[in-house]
1. Grab the strands (runs of 3 or more DSSP E) fully contained in the range 69-160, keeping just those with 2 or more residues being open to solvent by less than 50 Å² (accessible area, probe 1.4 Å) and touching a Phe, Trp or Tyr at 6+ places or on another chain (Cβ under 6 Å).
2. Report yes if ILE36 is at pLDDT 90 or above and either closer than 20 Å to ALA151 by Cβ or among the acidic types (Asp, Glu) (or both), otherwise no.
3. Let me spell it out: the conditions are (1) surrounded by fewer than 13 Cβ atoms within 10 Å (Cβ to Cβ); (2) of a type outside the set (Phe, Trp, Tyr); (3) modelled with pLDDT of 75 or more, and PRO14 meets all of them except one. Which number is the exception?
4. Can you tell me which residues in the range 56-68 are open to solvent by less than 70 Å² (accessible area, probe 1.4 Å) and in contact with a Lys or Arg (Cβ under 9 Å, 6 or more places away or on another chain)?
Amino acid sequence: TVPCDDALCLWERPALPPVPAWQLDTERSQQLRTAIYVLSTRHDADAAATRVVAQAFARTPESGLQAFIDAERERLVGPSLDVQAVDAPSLRDATGTRLMAIEIAPRPGRPGGVQTVVFAQDGAYFVSFSYSAPARAAHRAHYADFKALIAAYRPQPASR
């Protein structure tokens, strides 16, 4: 629960154990009602814009993970002429499950940040972990830290 307006609001977020490279930005997470992880203070100053946003989305019994991924790809990129989404290498979670991923990056010759989005099913939810950095070099510099965060994630079994 988090304070909102004159009441308390509930929000769902994926449960992640502590990972040395990342810390929960509690204030921003509560304001936006989503889990925002930033690099811990042991990282350099240019890493301030590098973050992971972990979100949970309620699923219906008939919805599938691939349909959710396709809808998210469309929502995140749409008809943009500046960015494109491509399939990225899958990452393993704490259970050894391979999680599908996409990379959203500027089209050739365009400037901009890079984002890797990893998808999972967690009980009655679909989950996305969106790792973004302001440039490809910053994205590469902390990608191993992102992989460690995903490797620590342990989803709940899907309800039937």
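1. Here the list reads 114-122, 125-133.
2. no
3. (1)
4. ALA56, LEU65, PHE68
One line per residue, one yes/no per condition, for (1) under 15 Å from the mean Cα position of the chain (by Cα); (2) at pLDDT below 90; (3) within 17 Å of TRP22 (Cα to Cα):
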residue: ALA54; (1), (2), (3): yes, no, yes
residue: GLY64; (1), (2), (3): no, no, no
residue: GLY78; (1), (2), (3): no, yes, no
residue: ALA88; (1), (2), (3): yes, no, no
residue: ARG92; (1), (2), (3): yes, no, no
residue: ARG110; (1), (2), (3): no, yes, no
residue: VAL114; (1), (2), (3): yes, no, no
residue: ALA138; (1), (2), (3): no, yes, yes
residue: ASP145; (1), (2), (3): yes, no, yes
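The values are calculated or read from the model by the stated rules, or taken from the named source; none is laboratory data. Not measured: the values here are computed from a predicted model. Ideal geometry is used to build each Cβ from the backbone, glycine not excepted, and the neighbour counts take in all protein chains shown. All accessible areas refer to the heavy atoms of the entire protein, side chains included, with ligands and DNA or RNA removed. Shrake-Rupley method; radii C 1.70, N 1.55, O 1.52, S 1.80 Å.
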